[in-house]
Amino acid sequence: MKVRCCIVGGGPAGMMLGYLLGRAGIDVAVLEKHADFFRDFRGDTVHPSTLEVMDELGLIDGFLKLPHQRLQKMDGLFGGTLVRIADLGRLHTKYPFIAFMPQWDFLNFLREAGRRFPSLKVLMNTEGVDLIRRGDTVAGVRATTPDGPIDIEADLTIACDGRHSTVRERADLAVKEFGAPMDVLWFRVGRRADETEDLFARVEPGSMMVTFNRGDYWQCAYVIAKGQYEVVKERGLQALLDDVVRMAPILKSGIADVKSFDDVKLLTVAINRLPRWTRPGLLCIGDAAHAMSPVGGVGVNLAVQDAVATANLLADKLRQGCPSEHELDAVRRRREFPVKMTQAMQVVVQNHIISGALRASGQPLKVPLVLRLITALPWLQGIPARLLAIGVRPEHVHSKAA
């Protein structure tokens with residue numbers, strides 16, 4: 001197969017970029033190694049920045065008809081004290097809420113919407129395993145399919161295959177790690193219709209948990225110290241569930257849904273980024289270029305922003321062939337600042353709030369000054385809301401439809 005652009009990975013960055021390039025009339029193939037988009041863990045927070053992109057593409061009405069929940073105010077219990085983390089209602093934006101939607105619904109929606117573009121091919125069950133090279137230039141992808149191997153020649157290859165990117169590894173691009181003090185246990189607990197508590201986060205000495213109302217269940221993220229999963233398992237499932245119910249009594253009625261550690265998924269937290277996002281004929285974006293912490297749930301939205309910026313900068317150039325490496329690097333130059341700023345904020349939250357809480361077992365927990373100020377001065381609640389909802393340097397669709 002020969003295409004103008006081959007995108008490896010059908011996550012938010014890959015599917016959004018595939019849609020945008022297909023919309024622009026670029027011959028593009030998106031490779032997704034699985035048969036569908038279902039995963040044990042995938043970020044499912046769609047922030048106002050992404051909702052505005054969907055609006056600019058004329059997709060928002062159909063998108064918001066998909067089942068979802070909306071979050072506007074983010075409240076938490078910090079050592080027993082109620083704090084207001086953010087209020088998105090204070091934002092002057094068309095969609096002042098975070099939409100919680102299973103990521104597979106988001107990706108399936110983009111795939112179905114993209115079927116009207118004849119130049120877009122989404123190849124499921126197709127895994128990029130190596131790069132095709134001509135000298136120092138990447139000239140496509142070698143992939144495996146249920147019917148055997150296939151070579152996909154491409155003027156430009158774009159890695160969107162996540163934080164464990166095979167393409168990035170084959171391109172020998174070095175990753176700069178920033179570390180993280182925690183990992184996350186991800187599980188579901190049944191929810192009754194009369195359970196209407198709207199607490200977002202709970203922080204106690206030695207423990208932290210976030211809960212999301214997902215309609216008929218609670219999605220729970222239980223934070224543990226980095227590398228302590230085996231210690232948690234040695235204590236036993238019941239000890240973990242007792243801690244969960246003690247922190248969030250509202251979960252008691254549905255906690256039996258967690259029957260074994262098979263129902264608990266470990267999310268290994270990492271923050272990293274590439275100093276260099278390109279090789280001749282190759283570009284990395286999304287998690288392949290910068291893995292984000294789950295703090296703030298911004299990973300999906302940073303990936304979408306990368307895709308929009310890539311299409312804005314490269315779609316016209318791709319009509320004539322592969323852009324030069326300097327032209328490809330324009331994506332990094334555009335996106336590196338918001339990535340660095342977002343990661344810096346995540347590191348501050350991890351190291352000064354989360355890490356301190358996890359180390360404080362058996363000690364009184366003081367509410368950080370910044371949370372006390374935000375709670376006491378409501379007008380300040382728009383600041384964290386803007387950082388979460390809109391982010392640093394949001395992107396808007398400028399690439400033209402064919």
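A few points about this structure:
Yes/no per residue for (1) within 30 Å of Leu387 (Cα to Cα); (2) in the same structural domain as Arg133 (by TED's automatic domain parsing); (3) assigned to a loop (DSSP other than H, G, I, E, B):
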{"position": "Lys233", "(1), (2), (3)": "no, no, no"}
{"position": "Leu240", "(1), (2), (3)": "no, no, no"}
{"position": "Asp243", "(1), (2), (3)": "no, no, no"}
{"position": "Arg246", "(1), (2), (3)": "no, no, no"}
{"position": "Gly254", "(1), (2), (3)": "no, no, no"}
{"position": "Lys259", "(1), (2), (3)": "no, no, yes"}
{"position": "Asp287", "(1), (2), (3)": "yes, yes, no"}
{"position": "Gly296", "(1), (2), (3)": "yes, yes, no"}
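- Taken over the range 58-86, the criterion of being over 28 Å from Val349 (Cα atoms) and surrounded by fewer than 19 Cβ atoms within 10 Å (Cβ to Cβ) is satisfied by Gly58, Leu59, Ile60, Asp61, Gly62, Leu64, Lys65, Leu66, Pro67.
- Residue within the range 145-155 that is in contact with a Gly (Cβ under 8 Å, 6 or more places away or on another chain) and closer than 30 Å to Asp263 by Cα present: no
- Residue satisfying all of: in the range 28-59; of a type in the set (Phe, Trp, Tyr) and in contact with a helix residue (DSSP H, G or I) (Cβ under 7 Å, 6 or more places away or on another chain); modelled with the highest pLDDT among these: Phe37
- Of all residue pairs spaced 6 or more apart or on separate chains, those with beta-carbon atoms under 6 Å, a first member in the range 262-283 that is assigned by TED's automatic domain parsing to the domain that holds Ala13 and closer than 17 Å to Leu313 by Cα and a second member that is among the polar types (S, T, N, Q) and at pLDDT 95 or above are Pro280/Thr137; Gly281/Thr137; Leu282/Thr157.
- Checking each residue in the range 87-124 for being buried (at least 18 other Cβ atoms within 10 Å of the Cβ), farther than 17 Å from Gly391 by Cβ and of a type in the set (A, V, I, L, M, F, W, C) picks out Phe100, Met101, Phe106, Leu107, Phe109, Leu110, Ala113, Phe117, Leu120, Val122, Leu123.
- Unique residue being more than 29 Å from Ala99 (Cβ to Cβ) and at pLDDT 95 or above when the list is Glu153, Glu177: Glu153
- Any hit, the range 89-110, residues being part of a loop (DSSP other than H, G, I, E, B) and within 21 Å of Met208 (Cβ to Cβ): no
- Any hit, the range 346-355, residues being more than 18 Å from Ala270 (Cβ to Cβ) and in the same structural domain as Leu17 (by TED's automatic domain parsing): yes
- Only one of the numbered conditions (1) in contact (Cβ under 8 Å) with a residue 12 or more places away in the chain; (2) part of a helix (DSSP H, G or I) is violated by Asp61, and that is (1).
The values are calculated or read from the model by the stated rules, or taken from the named source; none is laboratory data. Predicted model, so just to flag it, every value in this text is computed and none were measured. Because the Cβ atoms are built from the backbone with ideal geometry, glycine has one as well, and the counts that use them run over all protein chains shown.
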